[in-house]
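The values are calculated or read from the model by the stated rules, or taken from the named source; none is laboratory data. The structure displayed is predicted, hence computed values, not measured ones. Heads up, the Cβs are rebuilt from the backbone with ideal geometry, glycines too, and the neighbour counts pull from every protein chain shown. Ligands, DNA and RNA are stripped out before the accessible areas are found, and what is left, the full protein with its side chains, is counted by its heavy atoms. Shrake-Rupley method; radii C 1.70, N 1.55, O 1.52, S 1.80 Å.
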Amino acid sequence: MQNDNFNTYLASNIDIDEQAIGLLPASCKTVTLKKGDFALREGETCKHTFFIESGLLKQYTLDNKGKEHILLFAPEHWFVANIESVHFNRPSNYFIEAVEDTRILLVDEELILRLSQYSRAFLEFNNKLLHSHILSLQTRVTQLLAASAEERYLDFIKSYPQLAMRVPQWMIAAYLGITPESLSRVRGELTERNNRSREA
């Protein structure tokens, strides 16, 4: 049945009754993206929050030389949207693209408002998601300004423990704000240090 994945996610993460879950409207539809397809392009207005049922998305911007700067990855059971575009009805400054074949649920603001009005538990859950998003962005800015390449890489592994084998090295480098060559050096130094620790 359509939306079962999302319903199960809500039921397992929020103390919410079946009637509230039943508010999922028919317009909250599932979309399948092939690798390289876009959920959102720069210049478009984001109308939905995307819930990833399976697969992987990345949110990024391009500089004037066409280089990618990845803001975040969104694997299974994550939510992603251009918050500024959704809430202020502005054209997006970001692309949201499928890194691999991906199935997403389009969750519109009307649904979120209805669930928030119906269920305090959902309202608190949605507020927690927004606060977590703000905290994540603040952490990203601080890291890019002040953290070393190694510190950024270790935080990436902590935040996305399963993704190192799912995304190419150049994408990880684009997320960390370093070159692929610098990433190779960081990974090599960490491996050498770990080997020395085991031998000691």
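Run His131 past the list (1) open to solvent by less than 90 Å² (accessible area, probe 1.4 Å); (2) over 20 Å from Leu56 (Cβ atoms) and report the number of the one that doesn't hold.
Going through (1) open to solvent by less than 90 Å² (accessible area, probe 1.4 Å); (2) over 20 Å from Leu56 (Cβ atoms) one by one, His131 breaks only (1).
Can you list residue pairs whose Cβ atoms sit under 8 Å apart, with the first residue in the range 164-191 being more than 11 Å from Tyr153 (Cα to Cα) and the second being open to solvent by 50 Å² or more (accessible area, probe 1.4 Å) and among the hydrophobic types (A, V, I, L, M, F, W, C)? Count only pairs 6 or more apart in sequence or on different chains.
Close Cβ pairs satisfying both conditions: Pro180/Trp170.
Please go through the range 170-198 and pick out each residue that is small (Gly, Ala, Ser) and assigned to a helix (DSSP H, G or I).
Pass one, the range 170-198, residues small (Gly, Ala, Ser): 173-174, 177, 182, 184, 188, 197.
Hits for the range 170-198 are Ala173, Ala174, Ser182, Ser184, Gly188, Ser197.
Which of (1) in contact with a Phe, Trp or Tyr (Cβ under 7 Å, 6 or more places away or on another chain); (2) open to solvent by 70 Å² or more (accessible area, probe 1.4 Å) does Pro91 not meet, given it meets every other one?
(1)
If you scan the range 134-169, which residues turn out to be basic (Lys, Arg), surrounded by 11 or more Cβ atoms within 10 Å (Cβ to Cβ) and part of a helix (DSSP H, G or I)?
Going through the range 134-169, the residues basic (Lys, Arg) turn out to be 140, 152, 158, 166.
Okay, now just the ones that are also surrounded by 11 or more Cβ atoms within 10 Å (Cβ to Cβ), so 140, 152, 166.
Scanning the range 134-169 gives Arg140, Arg152.
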